[in-house]
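Taken together, the values in this text are just the output of simple stated rules run on the coordinates, not laboratory data. All values derive from a computational prediction rather than experimental measurement. When we count neighbours, we look across all protein chains shown, and the Cβ atoms used for this are built from the backbone with ideal geometry, even at glycine.
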Amino acid sequence: MRKKYTNSGSNDTRSGFGEGLLEAGRRNSNVVALCADLIGSLKMDAFVKEFPDRFYQAGIAEANMIGMAAGLTIGGKIPFAGTFANFATGRVYDQIRQSVAYSGKNVKICASHAGLTLGEDGATHQILEDIGLMKMLPGMTVINPCDFNQTKAATIAIAEYEGPVYLRFGRPKVPNFTAANQVFEIGKALLLNEGSDVTIFATGHLVWHAIEAGEILAEKGIEAEIINIHTIKPLDREAVINSVKKTHCVVTAEEHQMNGGLGDSIAQLLALQLPTPMEMVAVNDSFGESGTPEQLMEKYGLNTEAIVNAALKVISRK
């Protein structure tokens, strides 16, 4: 029996981060927050209001913010450093590499407005390379939750995790379909629907589209196994291999460049352990452009239809 998922109301994942940060702060007095002049955009207002003495406004100086966060960990603090994904990675990569990753500092890099769904702000802000940049850093955990509830749970979970983390989320309202009271397990993939014909590994905003694609494929007599890969690094290798042994073909779906993203990680694993026909739904070596999130996701082939077509194509290659 294929499980049906219900959209309990669309919400933005950045708001899930805001609520999760507040809850993490209430649970642990060592949680502190830093922001690069984007408190409202990252929904950090509630934390700032409740814990003004535990908030640091870095201004438009992201490199300095990362350095401050690294320093705060030396005193036992758990810093959540927030800004737009483009500035949280590309602009401060040297500081992250040297002061956070190389030193193994317990910094949580919280990146909003990632991917094409940033929309009208255009290509300069629509970073599609951030997952690749961050997952290549030794010791860096990379998390990309799918909806409001999961983002809130992930934010709470990373406060309890020792080590550097990159948490990616977005601006647009997306279907909220995971459990409100969930416990987020870092590195543990979530099986959403079982199937025997094709495995669809999805992350972030594409998880809901993967669920929709599974329903369309079921109408065609195709049973898709759908797995939510919210933690891209460390990858749940066991979950990937066990599913692919059953279905013998794979589709990956993500709001990121094809190079360096989730599909890249799964392809590497399968090439080494279980060579398998595979299709990737992702941006193919291109920058974005200005447009509504819906227009861009359609133009760049990051939607339900693209996942269905990729599944049909990969099944024909088995």
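Residue order for TYR300, TYR166, fewest other beta carbons within 10 angstrom first, comes to TYR300, TYR166.
Cross-link pairs exceeding 30 Å in C-alpha to C-alpha distance, out of LYS4/LYS108; LYS220/LYS245; LYS233/LYS318, comprise LYS4/LYS108. Electrostatic bookkeeping for GLU120 treats Lys and Arg as +1 and Asp and Glu as -1; over the other residues with beta carbon under 11 Å from its beta carbon, the sum is -1.
Would you tally the net charge around GLY9, using a Cβ to Cβ cut-off of less than 15 Å, leaving GLY9 out, and scoring K and R as +1, D and E as -1? Spelling it out: positives minus negatives among the neighbours equals -1. Name the residue, out of VAL107, VAL198, VAL174, whose mean-square fluctuation peaks in a Gaussian network model built on the chain with Cα pairs under 10 Å. Maximum fluctuation in the GNM of the chain, among the listed residues, is at VAL174.
Spatial offset of region 181-209 relative to region 8-74 amounts to 27 Å, using the alpha carbon center of each. Sorting the segments 60-66, 267-273, 15-21 by their mean number of nearby beta carbons within 10 angstrom, highest to lowest, gives 15-21, 60-66, 267-273.
Is the shape of region 46-111 best called rounded, prolate or oblate, per the rule: a/c under 1.5 gives rounded, else a/b larger than b/c gives prolate, else oblate, with a ≥ b ≥ c the square roots of the Cα gyration tensor eigenvalues? Judged from the Cα gyration tensor, region 46-111 comes out oblate (a/c at least 1.5, b/c at or above a/b).
Given R0 = 22 Å, the distance between the Cβ atoms of ASP37 and ASP121 translates into a calculated FRET efficiency of 0.90.
Note on the chain: GNM, Cα springs under 10 Å; of ASN28, ASN242, ASN144, the largest mean-square fluctuation is that of ASN242. Based on Cα contacts under 8 Å between residues 6+ apart, the chain shows a relative contact order of 18 percent. Relative to the first principal axis of the alpha-carbon coordinates of the chain, what is the inclination of helix 237-247, with its axis defined by its Cα atoms, in degrees from 0 to 90 and to the nearest 10? Around 20 degrees separate the two axes. Going from the residue with the fewest nearby Cβ atoms within 10 Å to the one with the most, SER103, SER112 rank SER103, SER112.
Under 5 Å between amide hydrogens, built in the peptide plane, is the criterion, and for ALA189 it picks out ASP236 among residues at least 5 positions away or on other chains. Computed from Cα atoms, the angle from the helix 304-315 axis to the main principal axis of the chain rounds to 50 degrees.
Note: relative contact order over region 143-193, using C-alpha pairs below 8 Å and six or more positions apart, is 51 percent.
Of the GluC sites (Glu not before Pro) found in region 127-226, those that fall in a DSSP loop while having at most 14 other beta-carbon atoms within 10 Å are GLU160, GLU162, GLU185.
One equal scatterer on each Cα of region 90-139, no solvent, Debye formula: the resulting log10 I(q)/I(0) at q = 0.17, 0.23 Å⁻¹ is -0.56, -0.88. If you take all other residues with their beta carbon under 11 Å from the beta carbon of MET297, and give Lys and Arg +1 and Asp and Glu -1, the sum is -3. Computed over the chain, the per-residue total of -39500 (n - 2.57) for DSSP H runs of n ≥ 4 gives a 222 nm mean residue ellipticity of -10500 deg cm²/dmol, rounded to 500. The value of relative contact order for region 1-140, using C-alpha pairs under 8 Å at least six residues apart, is 20 percent. Measure nothing but the geometry: give the 0 to 90° angle between the long axis through the Cα atoms of 148-159 and the longest principal axis through the Cα atoms of the chain, rounded to 10°. That works out to roughly 50 degrees. Under a Gaussian network description of the chain, with springs only between Cα atoms under 10 Å, the residue in LYS77, LYS220, LYS43 that fluctuates furthest is LYS220.
Is the chain best put as rounded, prolate or oblate by its Cα gyration tensor, with a ≥ b ≥ c the root eigenvalues, rounded for a/c under 1.5, and otherwise prolate when a/b is larger than b/c, oblate when not? Since a/c reaches 1.5 and a/b is larger than b/c, the shape of the chain is classed as prolate. Would you please classify the overall shape of region 11-174 from the alpha carbon gyration tensor, given that a ≥ b ≥ c denote the square roots of the eigenvalues, rounded means a/c under 1.5, and beyond that prolate means a/b larger than b/c while oblate covers the rest? In terms of gyration-tensor shape, rounded. Only alpha carbons enter this Debye calculation for region 190-315, each as an equal point scatterer, and the log10 of I(q)/I(0) it gives at q = 0.12, 0.20, 0.22 Å⁻¹ is -0.39, -1.08, -1.30.
Each of LYS4, LYS313 has some number of other Cβ atoms within 10 Å of its Cβ, and from fewest to most they run LYS4, LYS313.
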